[in-house]
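Written out below as structure tokens is the structure these notes cover.
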Amino acid sequence: MSHPQPSTLRGQSTRARIVQAAAELVAEKGAAAMSLDDVGARARASRSQLYHYFDDRDDLVRAVVDATTDSVLLAQDELLDHLDTWAGIDRWFRSLVALQEQREARGGCPIGSLVGQLAERDPLARMGLAAGFERWEARLRDGLERLQARGRLSANADPASLATATMALLQGGLLLTQVRRDPAQLRTALAAARVLLRSAAA
């Protein structure tokens, strides 16, 4: 069981600094190579502080999963609020491709990159990753439900299935973009998602 969130601003700041250091190390070295000593050194935190905020190394890794999801969603927050119009969906798709162009197709999906490292090793981390994807997918599903309520999406369409299919295309596109170092892979995948979504237009 994870420790409760600290009640003081100082405690919250220290915990956030530890999670940030762990997230940086996971991104640089991978989850398996991240050690508590490395995290403590980078976060300027003692071993006793680490154990004050986290049960063990796995608990800290799970906090990294949650923080990674928070970061992904925060970066897209304004765009995700406007997925209830076709123009808003197109803007979101363009922004996802533009980000890969800016990153020169490196890094892939921050949440997806943790799946291969953690999903088969740590059941609780896998559940955290699944919850992270669900939070992301829910933003699209909510937008599509509002689109449907306004009569812009067919009454027979299933927003949940459309959101899942779009997320699958997005993740596949990000994976191919990363491995092929080519943002056009994501552009192609999202073009297919757009065709799928527009086929359900009212």
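Since every read-out is calculated from the coordinates, none of them should be taken as a lab result. Here the structure is a predicted model, which is why all the values come from computation and not from measurement. Here the Cβ is made from the backbone with ideal geometry for all residues, glycine too, and neighbour counts use every protein chain on show.
Give the residue from Ala31, Ala41, Leu9 lying farthest towards the positive end of the charge dipole for segment 1-55; charges sit on Cβ (+1 for Lys and Arg, -1 for Asp and Glu) and the dipole is referred to the Cα centre. Ranked along the dipole, the leading option is Leu9. For helix 159-180, report the angle its Cα long axis makes with the longest principal axis of the Cα atoms of the chain; keep it between 0 and 90° and round to the nearest 10°. Helix 159-180 sits roughly 60 degrees off the main axis of the chain. Loop sites only, by DSSP: take the GluC sites (Glu not before Pro) in the chain that have at most 10 other C-beta atoms within 10 Å and name the longest stretch containing none of them. The longest such stretch corresponds to 1-103.
Around the Cα centre of the chain, unit charges on the Cβ atoms of Lys, Arg, Asp and Glu (plus for the first two, minus for the last two) sum to a dipole of about 380 debye. Build a GNM of the chain with springs between Cα atoms under 10 Å apart, and of Val65, Val179, Val39 the one that fluctuates most is Val179.
Distance from the Cα centroid of segment 102-123 to that of segment 145-165 is 29 Å (rounded to whole angstrom). Just name one of Leu169, Leu118, Gly143: the one whose Cα is farthest towards the positive end of the charge dipole of segment 71-202 (beta-carbon charges, Lys/Arg +1, Asp/Glu -1). Farthest along the dipole direction, towards plus: Leu169. Here's the picture: charge each Lys and Arg Cβ at +1 and each Asp and Glu Cβ at -1 in segment 48-202, and of Gly128, Leu50, Leu197 the one pushed furthest to the positive end of that dipole is Leu197. Would you mind working out the magnitude of the charge dipole of segment 1-55 relative to its Cα centre, with +1 at each Lys and Arg C-beta and -1 at each Asp and Glu C-beta, to the nearest 20 Debye? Roughly 220 debye, rounded to the nearest 20. Relative to the longest principal axis of the Cα atoms of the chain, the long axis of helix 57-80 makes an angle of roughly 30 degrees. Between Leu74 and Glu101, the contour length at 0.36 nm per residue exceeds the alpha carbon distance by 7.8 nm. Restricting segment 1-103 to trypsin sites (Lys or Arg not before Pro) that sit in a DSSP loop and have at most 14 other Cβ atoms within 10 Å of their own Cβ leaves Arg44, Arg103. The angle between the Cα long axis of helix 9-29 and the longest principal axis of the Cα atoms of the chain comes to about 70 degrees, rounded to the nearest 10. Taking every DSSP helix (H) stretch of at least 4 residues in the chain, weighting each as -39,500 (n - 2.57) and dividing the sum by the residue count yields a mean residue ellipticity at 222 nm of -24500 deg cm²/dmol.
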